[in-house]
Amino acid sequence: MRPVSSSSSFISMSFLLLVVSLGADGGESTVCSDGTKATSGDGKEEVEGGDKAPPATTLYVITATYRQRDQLPSLLRLSQTLSLVHALVWVVAEETEDGRCSPSVERGLAELAAAAQLGVAHLAAKAPKAFR
Amino acid sequence: MNARNAALDFVSARVEASNSGGVVYFADADNVYDLRLFEEIRGSTRGVSAFPVGLIGRLGVSSPVVVSADGDGDGGAAAVEGFTDPWFHFRKFPLDMAGFAFSARLLAETGARMQTKVGAEEDLFLQVIEREAPHKKGKPYHP
């Protein structure tokens, strides 16, 4: 970004900042944990005990979540539904102030994943400026 | 919708790294999902699939209107002809976030992502996908 000359009007400088801020929200995300099995070939993993059963196409289920009162209970409820579906990768994407995963969600997901044998990936991204 | 885009980055990277495919679906934690939906999505989605979402608006459902190619509603090759979402609002694809699924490979190939335009996230996303996937295949709607 070029330095704005001192003779620019306040209005044009504000506009420049607005344009920049709208574009600057992307790319600030982190992958905090990835407990999912890596698949190979054409995205199919073996169904348990399935010598004759055809391998299943992987389902990627993406859940966006943010800090609210019922965040953890809602994730718990959904995880128990998803744990009943085979060949599923659950991608939990948190929207946070700083783009980092929150410890409470991290702990919660670790427990859920272990109990339910569900492949979970936990990511975090910075909330868009307008929503912070 | 940076969280969803971060997730799409993750899935695209996974698909490209392992040269594999898959089907992607957005499932928010405040919805209810019948287990059968997942197998139906897994089995039927080729490019983009679209299906009804209940408890939305006055009609009680946001759904694609599906017409089968041979007109007899028996599940033969079908196309999405329209939508019943209560809030069209100039959207090309008035679908609920939970009302569509798409191929992970198509996602990686098109690089489609969500844009932060409140109310139109699904629409703009699907417009990018549609450029690469001219046919949208939906299951026939069985009341």
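Net charge around B:A29, counting only other residues with Cβ within less than 12 Å of its Cβ (Lys, Arg = +1; Asp, Glu = -1)?
On the way: positive: A:R77; negative: A:D70, A:E94, B:D28, B:D30.
Within the 12 Å Cβ shell, the charges total -3.
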Quiz prompt | Dipole of the range B:1-41, positive direction: furthest Cα of B:V11, B:L37, B:V24, with charges on the beta-carbon | solution = B:V11
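Would you tell me the mean number of C-beta atoms belonging to other protein chains that fall within 10 Å of each C-beta in B:5-17, as a whole number?
6
Computed from the coordinates by the stated procedures, all read-outs in this text should not be read as laboratory data. Everything numeric in this text was worked out from a predicted model, so none of it was measured. So basically every Cβ, Gly included, is an ideal-geometry build from the backbone, and we count neighbours across all protein chains shown.
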